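Right, one structure below, let's go through it.
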Amino acid sequence: LSQILGHSDQLYVRLPPGLKIWQLVLALIFTVIALWAFIFPSHLYETTFGDTSDGKHIVLPIRLYGITLICLSLVFWFMVKAVDKELIRLLLLCSIIYFTLHTIAITVNLTYESALTRGRLVLLLITSLLTAMSYFFYWAVTFKTSSLKRNTSSKDLKEKDQ
C-alpha cells in the first residue's frame with residue numbers, strides 16, 4: 001500500500017555497493033560456525049583454543065553456542081533479502097558486536113595463555129577483519145547512503161502554483 005501511495009523509502013534509498021554480497025558472506029559465516037559448533041564441538045574447541053584436555057566437559061556449552069548461532073544465522077539469511085535500511089543497520093550492528101566480543105575474547109585468552117600459535121593469530125586477524133568490514137558497511141549504510149529525490153506529485157505542483 002505504501003508503494004502505491006508513494007511513501008516507501010526503499011524506492012528512494014541507494015544502499016552501498018557490495019552490501020548484498022557482504023550480507024550473504026555474513027549469513028554463510030554464521031551458518032558454517034553454527035553447524036561446526038553443533039556437529040563437531042570438540043573439534044571447534046581444539047581449533048580455537050588448541051587444548052584438548054577439557055574436550056569432554058565443554059561439549060554441551062559449545063553445542064548450545066552452536067544452537068544460538070543457528071538461530072542467529074537464520075536472521076542473517078533473512079537479512080539478505082531485506083531492503084529496509086533500519087533492519088540492515090540493526091543486523092550489521094549485531095555482527096559488529098559479535099565479532100568485536102569474539103576478538104576481545106580471543107585477545108584475553110591469548111594474554112592468559114603463553115602460547116601464541118599461528119592458528120590463534122590467524123583467527124584473531126580474521127575476526128578483526130570481519131569486525132572492520134561489518135563496521136565499514138554499517139558506516140556506509142548510516143552515513144553514506146544517497147537518497148534519490150522524490151518526484152513532486154500533481155498535488156504538490158498545484159500547491160506551488162497557488
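The values are calculated or read from the model by the stated rules, or taken from the named source; none is laboratory data. As the structure is a prediction and not an experimental result, all values here were calculated from the model. Neighbour counts are summed over all protein chains in view; Cβ atoms, including those assigned to glycine, are modelled from backbone coordinates with ideal geometry. Ligands, DNA and RNA are stripped out before the accessible areas are found, and what is left, the full protein with its side chains, is counted by its heavy atoms. Shrake-Rupley method; radii C 1.70, N 1.55, O 1.52, S 1.80 Å.
Residues in the stretch 31-51 that are closer than 23 Å to VAL108 by Cα and of a type in the set (A, V, I, L, M) were compared, and the one that is most open to solvent (accessible area, probe 1.4 Å) is ILE33. If the condition is being open to solvent by less than 30 Å² (accessible area, probe 1.4 Å) and within 15 Å of LEU74 (Cα to Cα), then the stretch 21-30 contributes GLN23, LEU26, ALA27, PHE30.
Within the stretch 81-110, the residues that satisfy the criterion of being loosely packed, with under 14 Cβ neighbours inside 10 Å and not in a helix (DSSP H, G or I) are LYS81, VAL83, ASP84. Pairs are defined by a Cβ separation below 8 Å, a sequence spacing of at least 6 or placement on different chains, a first member in the stretch 28-45 that is at negative phi, and a second member that is open to solvent by less than 80 Å² (accessible area, probe 1.4 Å) and of a type in the set (Asp, Glu); the pairs so defined are TYR45/ASP51; TYR45/ASP54.
From the list LEU64, LEU121, LEU116, the one residue that fits, being open to solvent by 40 Å² or more (accessible area, probe 1.4 Å), under 25 Å from PRO41 (Cβ atoms), in a loop (DSSP other than H, G, I, E, B) and free of Cβ contacts under 8 Å to residues at least 40 places away in the same chain, is LEU116.
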